[in-house]
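The structure appears right after this line, and notes come after that.
Bear in mind that the values in this text are calculations on the coordinates, not laboratory data. Bear in mind that the values here come from a model prediction, so they are computed numbers and not experimental data. Cβ placement follows ideal geometry from the backbone for every residue including glycine, while neighbour counts extend to all protein chains displayed.
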Amino acid sequence: MSEELITDIGRSGYRLFTGDVSWDPSSISDGDEAVTDITVEGAAIGDFVLVSASVDILDLTLTGAVTANNTVTVQLSNSTGGAVDLGFGRYNALVIANPWLRLIDQAGASPP
């Protein structure tokens, strides 16, 4: 990431947190999904999440969400029409802290 981008994000009140996990989701049948958790210190419910994989996900859908403080749940969903086995890979999460939600939590108020 460029230093300029990081500086701009910092000025906006957004903070970035990262985490990763090594995972072999095994074979995922059509219509099924596989999930794993990534520890991301600082993540909170309502934060934005981007996830990536070190392997080709072969038309599966890869999503992530903060499901508890410091925890991002990564999900691979299969709607390809057949079973898919990705094998071992590294899964990464980038969490962008939502400053509005943190302000609301601190103040106990509604967003503007």
In order over the range 63-79: 3J(HN,Hα) from phi, Karplus 6.51/-1.76/1.60, θ = phi - 60°, whole Hz, x for each Gly or Pro, gives 10, x, 8, 6, 10, 6, 3, 6, 10, 10, 9, 9, 10, 10, 10, 10, 10
Given unit charges at Cβ for Lys, Arg (+) and Asp, Glu (-), the dipole magnitude of the range 3-99 about its Cα centre in debye, nearest 20, is 320 debye
Burial ordering of 100, 23, fewest other beta-carbon atoms within 10 Å first: 100, 23
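Using the Cα gyration tensor of the range 3-99, with a ≥ b ≥ c the square roots of its eigenvalues, what is the shape: rounded (a/c below 1.5), prolate (a/b larger than b/c) or oblate (neither)? The partial results should precede the final answer.
Values: a/c = 2.51, a/b = 2.19, b/c = 1.15.
Prolate, because a/c is 1.5 or more and a/b exceeds b/c.
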